[in-house]
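First up is the structure itself, then whatever we jot down about it.
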Amino acid sequence: MTTLSVTRATLHKDLRMEWRSKDAINSMLFFALLVVVIFSFAFNPTAEESRSIAGGLVWVAFLFAAVVALNQTWARELRNQVLDAYRVSPAPPNALFVAKALGNFLFVVVLEVLMTPLFVVFYNLRSVGPVWQLVVVALLGTWALVVNGTFFAALSIRTRSREIMLPLLLFPISIPAVLAMVDATTSILTGEASPDFWIKMLAVYDLVFTAVCLLLFESVLNAE
Amino acid sequence: MKQLFIAFIVLTLGLLAYSTYQALYVAPTEQTMGDVQRIFYYHVPSAWTAGVCFLVNFLASVVYLWKRNTASDALAAASAEVGMTFCTIVLITGPIWARPVWGIWWTWDARLTTTLVLWLIYVSYLMLRRFSAGGQTQVLAAALAIFGFVDVPIVYMSIRWFRTQHPSPVMGGGENSGLDPVMLQAFFWNLLSFTCVGIVLMVLRYRLQRLEENVEAKHAAVALQGGSR
């Protein structure tokens, strides 16, 4: 079994399960929708104001919604002792991790694609800067959330209060990534500053933490 | 060994008394800030000690993942708790000093924010230790410690770009930098005594952790014996 075939098989299985049940995407979507509506009531911004706060709102909504999906990542595998079976199998642990992270990445990207029109409608958004830069920020930022989120979900699944623990572990570590996403998005939307530094920073963050996750995942998977 | 440690505690208490005297009576009053500047002799040494503790925590975590020995895990747990305490002192003394000098309690500047994020990461570290079950705690905590350690420089870099208000390092570099020699002397006494207090607390907490592990092992052994009868 090569790393690639294990990754592909696991990813395929997860996507198919999600396609049939739609558990994660439905709960994420509805959660994000609620956040959008509540923020809209809470701030009631004009078009000009919303351009400067939208970066923060969008990413907070996606961050919270992503946690909903991330929490379900490993819960499924606990039920029939799948994780134990995985541990005794010769399959490389990092293949499992990469597959899970990619699966979550796809779920959150789908969520973002579906939610962005709603944000545009509710907040009357119109970007001053180039839109393709927003796509770059979204992809890098989503990976930053998802790679650490998948790892910390594997940590928190072993604690007593599973679902509560994930955001408590994930948010402090994600602070620089969230700052970078929000500032990059705001500077593109308002067109007042260059987002270059933040995009580079997100790329560095992604690289560093992907490496750390891959380095440590085996120990966490095999923790007794 | 025990007597040596008691001697070290006595020495630390003596140092603490002397450095307090240095900070409050010997060091001259600062020209523009006045007496409030004396908080410097507590603020900076606490930050230094917290940094040392977190460094010990990181090293102990790496050693644990490598060697899987309970001693380094106990050291990691002890240093995280003591580091948290000193980090809390930094976060409390900082605003008390900032309010009269800068006119504000808090600002999102590089060093303040990094310290706060560091504090948040270690709160989550201690919570993870508290909430995870049995033998898994050590590995999970060690993994999180490494994440936290990697995160801190990134936080610092990002906020530095964001904005900075905290004074640049006073000692070393720059034309107008440099402390009055008497101030410097008081500062170093405090640095020394705070580091010693940190070491004393870490050793005590480490011994407590080892004792707890012993008690748990004995309980488990007794339960096993009772079960076999």
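Where a number appears in this text, it was derived from the coordinates with a stated rule and is not lab data. Bear in mind that the values here come from a model prediction, so they are computed numbers and not experimental data. Reconstructed Cβ throughout: ideal geometry from the backbone, glycine too, with neighbour counts over all protein chains shown.
Judged by the ratio a/c of the largest to the smallest principal axis of the C-alpha gyration tensor, segment A:54-208 counts as prolate, that ratio being 1.5 or greater while a/b is larger than b/c. Shown for B:43, A:12: other C-beta atoms within 10 Å of each C-beta, ranked fewest to most, produce the order A:12, B:43.
Note on residue A:13: lysines with a C-alpha under 19 Å away, same-chain residues under 8 apart excluded, are A:22, A:100.
Around the amide H of residue A:159, modelled in the peptide plane, lies no amide H under 5 Å away from a residue 5 or more places distant or on another chain.
Relative contact order for segment B:1-103: 29 percent, from Cα pairs under 8 Å spaced at least 6 residues apart, divided by residue count.
Rounded to the nearest 20, the Cβ-based charge dipole of the protein assembly as shown about its Cα centre (Lys and Arg +1, Asp and Glu -1) stands at 1300 debye. Of the DSSP H helices in chain A, those that are both long (alpha-carbon extent of 15 Å or more along the helix axis) and hydrophobic (Kyte-Doolittle mean at least 1.0) are A:23-43, A:93-123, A:131-156, A:162-190, A:196-221. Once the C-beta distance of residue B:225 and residue A:78 is scaled by a Förster radius of 41 Å, the resulting FRET efficiency is 0.80 to the nearest 0.05. Shielding by partners for peptide A:146-156, expressed as the average number of C-beta atoms from other protein chains within 10 Å of each residue's C-beta, is 2. Across A:31, A:97, A:152, mean-square fluctuation computed from a Gaussian network of chain A (C-alpha pairs under 10 Å connected) peaks at A:31.
Whats the longest run of chain A with zero trypsin sites (Lys or Arg not before Pro) that are DSSP loop and have at most 15 other Cβ atoms within 10 Å? Here the longest segment lacking exposed loop sites spans A:23-125. Here the dipole of segment A:1-126 is about 400 debye; that uses its Cα centre as origin and unit charges on the Cβ of Lys and Arg (positive) and Asp and Glu (negative). Cβ crowding within 10 Å ranks A:181, A:28 as A:28, A:181, fewest other Cβ atoms first.
Residue A:16 label point, 7 Å along Cα→Cβ, cut-off 17 Å on backbone N: hits in segment A:85-103? Hits in segment A:85-103 for residue A:16 at 17 Å: A:99-100, A:103. Here the relative contact order of segment A:3-221, from alpha carbon pairs under 8 Å that lie six or more residues apart, stands at 28 percent.
The length gained by stretching the chain between residue A:190 and residue A:30 to full extension, at 0.36 nm per residue less their Cα-Cα distance, is 54.8 nm.
Considering only B:75, B:16, B:184, the mean-square fluctuation computed in a Gaussian network model of chain B, springs between alpha carbons under 10 angstrom, is largest for B:184.
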